[in-house]
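Have a look at the structure below, then the notes.
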Amino acid sequence: MSGGTDRTEAGGQGAPTRVLVLNSGSSSVKYQLIDMAGAERAGSGDSGETREDAAGGERLATGVVERIGEAGGVPGHAEALEEVSRQLGEQGLGLDSPLLAAVGHRVVHGGTRFTQPVVVTDEVLRGIEQLVPLAPLHNPANIAGIRVARGLRPDLPQVAVFDTAFHSTIPEAAARYAIDTAVADRYGVRRYGFHGTSHRYVSRAAARLLGRDPAEVNVIVLHLGNGASASAVRGGVCVDTSMGMTPLEGLVMGTRSGDLDPAVLIHLARVGGMDTDELDTLLNKRSGLLGLCGANDMREIGRRMAEGDEAARLAFDVYIHRLRRYVGAFTAVLGRVDAVVFTAGVGENSAAVRAAALAGLEPLGIELDPVRNAVRASGARVVSTAASQVTVAVVPTDEEWEIARQTYRLARGAAGGTREPGAPA
Ligand code: ADP
């Protein structure tokens, strides 16, 4: 955190250059205040995108308000945003600042309608509401955050940045499930993908690390946090991803199962007598690493494996096996892979996961350097050997910065008007 005064030199002529990024979840609101003045200098517009410099934006404040609706916490999102406003005010960075250019909101589900970030209008808000059935846990909290922020600063552009948007380019062959098309269309059943803001940011940052234009490189991004997903990005365009209609499909996660035979659900309903809520809880909250060994933190699993704990070893092995399957599958999808990139909590920090996931893949041109891989560092770095045909990299994700960048770009276009630049038809 730095700064605390309104430094009007930013952006020249005191133009507002700050973006408040809000990630409103059901029980917490995370926020960051980022000054985009430096980032603007580093590169703007489509042609400048390849030169965009993540270090260009300056983070002025970051924080979280937790336990919304819980004992000891604030009662609702309105109070949570008042608390955010109070915390920022204490640092001289209040929401009433004329230097605030816009508020950027993370919105989880954009369906097929929102394939780009949009300036929020009443019509956009209705559209996000219509998608609630596809994201019943996430979109309502996102909507609450947008409504409250609009109320606090109705004069500012509020921009919605969708987790699904980066995946909207996935071809039908990869996005469609092989079920009756009429049923699929009636209920919006298709693969949308999530973590898109991270996959976009990391795939581009990886290209920069390689010293190449994103349009030239094919990248497999492995976003391994509590939630985990893989994506195949060809020339800057996403062509496949592991998450599906919801963030449940794909990799093994902290508490989510990832892929499983859909008939397991039918079996558990028929034979186990489980209803839909029980199945939902089982697969989203009692599965993954937690379901396999009782722990969902990779650090604890590492410690337990070192003590010879067999359940922790099995959980690790299942996690790694799934990851390797996706690396193989996305190698086939892309044909040529220039980089495999690890990001998020596990991907950035666990040398053991990276080593196990890529062990023995030399025939695919992937050769991890054990010494580079073991080095603990915080920045973007290459962890493959100089001879490796495929570059293996660790790139810290920065979803907030990416949301701020997209928000700032749109807000400048929307300044003084209510039009929706980039809004899908
Ligand atoms: P989220 O999906 O909530 O944003 P993160 O990307 O912060 O999650 O990742 C959180 C996970 O990262 C933790 O559950 C933990 O398993 C893992 N993690 C964090 N630090 C380490 C570490 N040093 N070694 C292994 N795993 C780590």
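The values are calculated or read from the model by the stated rules, or taken from the named source; none is laboratory data. Fair warning: this is a prediction, and the values are worked out from it, not measured in the lab. FYI the Cβ positions are ideal-geometry reconstructions off the backbone, even for glycines, and counts take in every protein chain you see. Keep in mind that these areas ignore ligands, DNA and RNA; they rest on the heavy atoms of the full protein, side chains included. Shrake-Rupley method; radii C 1.70, N 1.55, O 1.52, S 1.80 Å.
General observations
- Adding -39500 (n - 2.57) for every DSSP H run of four residues or longer, then dividing by how many residues the chain holds, sets the calculated 222 nm ellipticity at -11500 deg cm²/dmol.
- One decimal place: the segment GLN130-TYR187 gains 19.3 nm when fully extended, by the rule 0.36 nm per residue minus the C-alpha distance.
- Column: log10 I(q)/I(0), Debye, Cα scatterers of region 304-425, q = 0.16, 0.21, 0.23 Å⁻¹: -0.85, -1.17, -1.31
- Computed in the context of the full set of protein chains, the accessible area of region 337-394 at 1.4 Å probe radius has 57% of its extent on carbon or sulfur.
- Amide hydrogen proximity for MET274: with H placed 1.01 Å from N in the peptide plane, the residues at 5 or more positions away or on another chain lying under 5 Å are ALA269.
- More than 40 Å apart - percent of Cα-Cα pairs taken over the chain: 17 percent
- Computed Rg/Rh of region 85-223, alpha carbon atoms with Kirkwood Rh: 1.04
- In Hz, Karplus ³J(HN,Hα) per residue of region 137-149 (6.51, -1.76, 1.60; θ = phi - 60°; x = Gly, Pro): 8, 9, 4, x, 5, 4, 5, 4, x, 5, 4, 5, 5
- Excluding ligands, DNA and RNA, the accessible surface per residue across the chain is 44 Å² with a 1.4 Å probe.
- Alpha carbon centroid spacing (whole Å) that separates region 236-312 from region 136-170: 28 Å
- Near the amide H of VAL392, within less than 5 Å, lie the amide hydrogens of VAL340, VAL383, SER384, all on another chain or at least 5 residues away, with H placed in the peptide plane.
- In the chain, the longest principal axis of the Cα atoms and the axis of helix 310-334 are about 70 degrees apart.
- Ordering of 161-169, 368-376, 288-296 by packing is 161-169, 288-296, 368-376, highest average first (other Cβ atoms within 10 Å, averaged per residue).
- Extended-chain gain in nm, criterion 0.36 nm per residue less alpha-carbon gap, ALA71 and ALA306: 80.8 nm
- Radius ratio Rg over Rh of region 141-217, counting only Cα atoms, Kirkwood formula for Rh: 1.12
- Rounded to the nearest 10 degrees, the inclination of helix 196-209 to the longest alpha-carbon principal axis of the chain is 80 degrees.
- For region 249-313, the share of accessible area belonging to carbon and sulfur comes to 51 percent (1.4 Å probe, ligands and nucleic acids excluded).
- Taking 0.36 nm per residue of separation and subtracting the Cα-Cα distance, full extension of the segment from SER378 to LEU265 would add 36.6 nm.
- Relative to the longest principal axis of the Cα atoms of the chain, the long axis of helix 399-414 makes an angle of roughly 40 degrees.
- With DNA, RNA and ligands ignored, accessible area of MET298 (1.4 Å probe; Å², nearest 10): 20 Å²
- With a Förster radius of 25 Å applied to the C-beta separation of GLU362 and ALA174, the computed FRET efficiency comes to 0.35.
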